[in-house]
Every structure is written in structure tokens, then in C-alpha cells.
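What follows is a set of notes on a single structure, which appears directly below.
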Amino acid sequence: MRSENAIEVSNLTKYYGKLLAVDQISFEVKGRELFGLLGPNGAGKTTTIRMICGMLRPTGGTVVVAGFDVSQKPEEVKRRIGLVPDISNLFGELSARVNLEFMGKLYGLDKKTRRERIDHVLELFHLKERQNDLVKYYSKGMHRRLTIAAALIHQPEILVMDEPTSGLDAQTARLVREIIIDLNKEGRTVLLTTHQIDEADRLCQRIGIIDRGRLIALNTPEELKNSTEGTRALEIKVLNGVDQQRWLAIIHEAEGVDNVFLAEGKIRVLSKDLPEAIPTVVNLINKHGGKIENISVTQPTLEDAFINLTGKSIREEPMSKEDYLKRRLSRSGMR
Amino acid sequence: MKTFKLFTMLTHSIYIAENDLRQSFKSVRHVVWSLLFPLFMMFTFSFRYGVSEPDISFLNFLIPGIVGMTAMFGSINETMSIVWDKSLGVFDRILAAPVSSTSIIIGKTMAGAVMGVISALVLLIVGSSLFGVSFVNISFVLLIVVLASFSFTGIGTIISGLASEPREAMMLSNLLRFPMMFLGGVFFPVEAMPMPLPYIARALPLTYATEALRAVMSKNMAVVLFDATVLVAYTVSTIIIGSKTLMRLMTR
């Protein structure tokens with residue numbers, strides 16, 4: 001291999017007309033690494049991935065996969081990547097086996113190899129009994145398993161997964177995460193995107209945080225958490241009074257408070273100077289007639305780091321019209 | 001190396017065409033429905049209204065027209081799969097694979113042409129056995145049907161390249177298919193049309209297909225040759241334009 005890095009992205013930029021979707025992103029994924037791109041909806045994750053896989057032409061910048069420039073040798077790159085898209089895109093009118101057969105043919109596998117590999121992945125993902133059923137009758141979890149299986153048919157060295165667990169129930173999501181970890185342990189490089197902070201934290205060896213088309217941080221989960229340096233978190237549960245959203249607005253005005261947001265039903269306050277902030281916040285809550293049920297100081301989480309970096313929470317952010325447009329553009333098949 | 005590349009490209013195209021057709025034939029209903037329409041047209045128009053006896057000269061006129069029309073419906077229908085693939089995301093599957101865009105286009109074109117030929121042949125067999133229309137020279141008939149199917153597929157590719165979603169593609173294709181059906185000399189001879197219409201008819205590939213099929217029956221080989229040439233020209237130009245539209249979308 002000509003380079004140690006599995007994927008090298010430099011100054012990657014994509015405009016959809018006048019809409020800037022990806023803004024000069026640079027990062028590299030090391031061989032055998034489990035790398036995650038974390039960011040909210042519309043951050044440019046899917047667009048980035050599609051450019052890496054050679055399905056979308058960048059407006060600027062370069063992508064080198066396994067030593068091959070995507071714009072010059074797209075087919076060499078595609079041969080080395082297994083792509084798992086965020087929505088199942090198998091042929092619903094065909095059976096699982098026929099779907100996998102087709103993929104195997106496109107990747108130039110001969111008949112014998114195809115049969116062996118298909119048997120292997122069907123076994124691996126517990127789809128053997130249903131292999132001759134039409135895919136459209138599959139459950140969501142089976143769909144996801146089969147999309148992963150289809151991406152492995154040509155035994156790629158790099159696996160690219162777009163939101164691998166989104167839309168799955170907790171149990172299937174856990175199963176998919178286990179599969180991802182296993183595939184990485186087998187020696188495959190994995191690049192995944194996610195908008196779930198805990199997932200990135202649990203799975204990835206390194207995380208790139210992406211927001212509004214820009215890569216704003218890149219480090220190990222631990223280092224990212226440490227990047228909140230000096231910042232500490234206060235968790236408060238307020239019993240009654242105004243609704244939680246309004247508490248956020250009230251607390252935000254308090255002296256010494258850097259950021260405040262909701263996490264699992266509790267109000268989370270980030271501050272560089274907690275001793276200063278605690279009495280002010282408590283006083284404010286009391287003044288507005290709130291009763292504190294629980295208050296505690298905790299270690300900063302990855303979400304705290306994310307909010308510190310982006311200034312906003314990753315959750316419950318409504319999609320703007322622009323985000324919707326970008327989503328449509330990045331997903332509408334050919335471009 | 002170059003021949004090897006060409007070979008891989010062609011095998012890829014065949015896989016794509018095969019996969020496309022496999023899906024179409026998987027849903028038998030889909031195939032039956034798409035054949036019902038031309039069959040229905042054939043039966044309704046086979047009665048010469050006001051005349052009690054079946055009119056063999058009119059049937060000799062009608063059946064080749066219906067065969068050409070069926071090729072048109074079959075192939076354009078099949079190319080609509082591109083739009084469905086796009087909207088369902090399955091097109092991404094092919095795009096992510098190490099397959100050149102030319103292979104994709106050739107594969108899709110082949111699928112469309114095969115569908116057109118098969119549908120036309122079904123109608124040809126039904127028409128000739130039920131109404132006793134004899135096609136005289138079957139190899140020439142086949143040639144024309146194949147050429148016609150390819151030229152219609154080219155049109156279908158252009159439509160599916162232009163349309164952003166299936167509904168739009170359906171609308172666009174109907175906008176083309178129905179006027180073509182009535183102006184392409186299927187039911188009424190082009191010569192009998194009032195003035196500006198023959199000019200429009202002469203711009204449509206279906207006109208040449210129906211004319212050529214009838215010419216085969218009347219053994220008018222000069223006309224067959226001329227129409228075949230026009231169809232080839234149509235095929236080449238529509239496929240070039242069609243691939244350009246698709247290519248532009250794929251590699252933007």
C-alpha cells in the first residue's frame with residue numbers, strides 16, 4: 001500500500017448550486033481505524049461520504065482512498081470500499097440471494113466465489129432461512145443486516161457506513177454496533193457517520209465533529225471530552241414551575257453560565273467557573289418559583305464537548321429548509 | 001487491456017440489464033397489465049364500425065401498427081425503471097460499485113430494448129394467429145422491431161434523465177407516448193392526416209416503425225430500407241442524447 005492512511009481527505013468542498021454543503025474539510029482515516037463523523041442533520045456528513053465513495057463529484061479538494069485519487073481512479077476506489085447507505089436500498093422485488101448475486105457480479109466475482117461469499121454472509125447475519133424471500137417483506141432490522149452483508153460481498157478493506165443505526169430499535173441497533181466492532185477487529189477500516197453522540201463515544205476510536213459543512217474538531221473521544229478544559233457540568237432537576245424550555249432561557253442569563261441545555265430530562269449547565277455559577281443559578285431558580293429536586297456536579301461528557309464547540313445541542317434541532325434541501329440533494333441518487 | 005476493459009464493460013451492462021428485466025418479470029402482474037393495453041386497443045379497433053365482415057385489408061394495416069406501438073410502450077415503460085431506481089436509492093448501489101457510467105447506460109438501454117421486443121412479439125403472435133395477418137418475412141419484421149425498440153428506449157432514457165421523480169417521468173412519458181400513438185400512423189394512415197399533422201408524424205420514430213412493418217408485408221423493400229435507416233439514426237442520436245443527460249447527472 002502506498003500510504004498508511006486508508007482515506008485522506010483534503011480541502012474537500014461541495015456546492016449544490018449556491019448552497020455550500022461541505023466547506024474545506026480535511027481529515028484522514030488511518031488503516032484499521034474505526035473513525036466517526038459526528039454531526040447534526042444537514043451538517044454535510046452524507047455529502048462527504050458520497051464524495052469519498054466516488055458517487056458525487058467534489059467542487060474542490062481531493063480524496064485519496066488506499067492510495068488512489070477518487071477523481072482519477074474511481075473504479076479502483078469503489079472496489080476497495082463497501083458502502084452501507086443510511087436507508088436500505090436493496091431491490092425489493094428480488095430475493096436476498098439474488099440481490100447479493102447481483103452485487104457479486106458487479107464486483108466481478110466468479111460464480112464459485114460468489115456462492116461461497118454469499119453463503120458466508122447470509123450465515124453471518126442470520127439470513128440464511130429467509131434468503132429466498134423477496135426483500136420487500138423483510139423487517140427493518142433484516143434490511144439493515146442485508147445492506148451490511150451486501151457491502152461485504154467483495155470483502156472491501158474499507159467499510160463506509162452512513163448512520164448505521166438510525167431508525168433501528170434499541171436491540172437491533174445494539175446488534176449492528178456489535179457487528180461494526182467485530183468487522184473493525186477483523187482488520188477492516190470503518191468510517192461511519194452518526195448524529196448520536198453516545199454512539200460515536202462508544203464505537204469510534206477517533207471522532208471528527210462536523211457542523212454546517214465544516215470540520216470543527218477531530219480527536220479521540222477522551223481528548224474531546226478533555227477539550228472542555230476547565231469547563232464543568234452541573235446537572236439540575238427542577239420540580240415545578242415553568243416548563244423546562246423556559247428554565248433554559250432563564251438560566252442562560254445567569255452570570256458565569258456558558259451553556260445550558262436539556263439532557264435526559266435534566267437541565268445541564270456548563271460553566272468555567274462553577275463555584276460562581278452554582279449560587280447564581282440556584283437563586284435564579286428560586287426567584288422564579290422553582291424547586292430543585294436534585295443537583296449534582298458531573299464529569300463533562302462528549303455532548304458537553306460538542307455543545308462547547310458548536311454552541312448548540314445536537315438533539316431536537318428542527319431541520320431548516322436549507323437542511324432539507326441539502327438532504328434531498330445529497331440523497332436523490334444520481335448527481 | 002483495452003479489449004478486456006470493453007469486455008468487462010459489456011458484461012457489466014448485461015448484468016444490469018438482466019437485473020432490470022428480472023425485476024420487471026418478477027411481478028407478473030406488471031407485465032400482464034402492460035400488455036393488456038395494446039391487446040385492448042387491438043381488439044377494439046379490429047372492428048370496422050358499420051361493416052359486418054372483418055376487413056382483412058384494414059387488419060393488415062392495423063396489426064403492424066399495433067406491434068410497433070407495443071414496442072414503444074414496452075421499451076419506454078422499462079426505461080422508467082431508471083427513475084424508480086433513483087427515487088428508491090437502488091441506483092446508488094450501482095453507482096457505488098466499480099461500474100462505468102457507460103455500462104450503466106448501455107445496460108439500461110438493453111433492458112428497454114429487450115422489453116420492447118418481447119412485448120411486440122407477444123402482440124405479433126396474438127395478432128397474426130387471431131386475425132390471420134401474415135407478416136411474410138419474419139426476419140425483416142424482427143429487425144424493424146429491434147431497431148424501433150432501441151430508438152424508443154433512447155427516448156425513454158432522455159425522459160428519465162430529465163425527470164426528477166417517478167410521477168414527473170410518467171407524466172412526461174405519457175405526454176410523448178399518447179400523441180405518438182395517434183400520430184404515428186397506428187390507427188390512421190399518415191397520408192390521410194390533415195395538413196400540419198403529417199409533418200409532425202414524420203418527426204416521430206413510431207411512424208417509421210409502422211410504415212416499415214407494413215412495407216415488409218407488401219414487400220416494398222426500398223421503403224423498409226429507408227425506414228430502417230431512419231430508425232438507426234434515431235437510435236444513435238437518442239442514445240447519445242440520453243447518455244449525455246444521464247451522464248451529466250451521474251458525474252456532476
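Distance between the C-alpha centers of the stretch B:1-50 and the stretch B:117-189? Whole Å please.
11 Å
Output the 0 to 90 degree angle, nearest 10, between the alpha-carbon long axis of helix B:205-217 and the longest principal axis computed from the alpha carbons of chain B.
Tilt relative to chain B: about 50 degrees.
How do B:Phe182, B:Phe47 rank when sorted from fewest to most other Cβ atoms within 10 Å of their own Cβ?
Least to most surrounded, the residues fall as B:Phe47, B:Phe182.
Express in whole angstrom the spacing between the alpha-carbon centres of the stretch A:202-275 and the stretch B:196-243.
70 Å
Across peptide B:84-93, how many C-beta atoms of other chains are within 10 Å of each residue C-beta, on average?
6
Does anyone have the angle between helix A:140-152 and the longest principal axis of chain A? Alpha-carbon axes, 0 to 90°, nearest 10?
The angle comes out near 60 degrees.
Does anyone have the angle between helix A:96-106 and the longest principal axis of chain A? Alpha-carbon axes, 0 to 90°, nearest 10?
70 degrees
Under 24 Å between alpha carbons: how many lysine pairs meet that in the stretch B:2-250, if sequence neighbours fewer than 8 apart on the same chain are excluded?
Lysine pairs, 8 or more places apart or on different chains, close enough: 9.
Neighbouring Cβ atoms within 10 Å as the yardstick, rank A:Leu56, B:Leu143 fewest first.
Least to most surrounded, the residues fall as B:Leu143, A:Leu56.
I need the peptides B:189-200, A:60-71 ranked by packing, meaning the mean over residues of other C-beta atoms within 10 angstrom, with the highest value on top.
By packing density, highest mean first, the sequence is A:60-71, B:189-200.
Within a 10 angstrom radius of the beta carbon, how do B:Ser134, B:Ser103, B:Ser75 rank from fewest other beta carbons to most?
So the residues, fewest neighbours to most, are B:Ser134, B:Ser103, B:Ser75.
In whole Hz, with x marking every Gly and Pro, tabulate ³J(HN,Hα) for the stretch B:29-36 from phi via Karplus 6.51 cos²θ - 1.76 cosθ + 1.60, θ = phi - 60°.
With coefficients 6.51, -1.76 and 1.60, one gets 3, 4, 5, 4, 4, 5, 8, 4 Hz.
Considering Cα pairs under 8 angstrom that are at least six residues apart, work out the relative contact order of chain B and quote it in whole percent.
25 percent
Relative contact order (percent) for chain A, with alpha-carbon contacts under 8 angstrom and 6 or more residues of separation?
Worked out over chain A, it gives 20 percent.
Per residue of the stretch A:68-77, in order, report the coupling 6.51 cos²θ - 1.76 cosθ + 1.60 (Karplus, θ = phi - 60°) as ³J(HN,Hα) in whole Hz, putting x for Gly and Pro.
Coupling constants for the stretch A:68-77: 10, 6, 4, 6, 9, 10, x, 6, 5, 5 Hz.
No value in this document is a laboratory result; all are computed from the given coordinates. Bear in mind that the values here come from a model prediction, so they are computed numbers and not experimental data. Glycine gets a Cβ as well: all are built from the backbone with ideal geometry, and neighbour counts include every protein chain shown.
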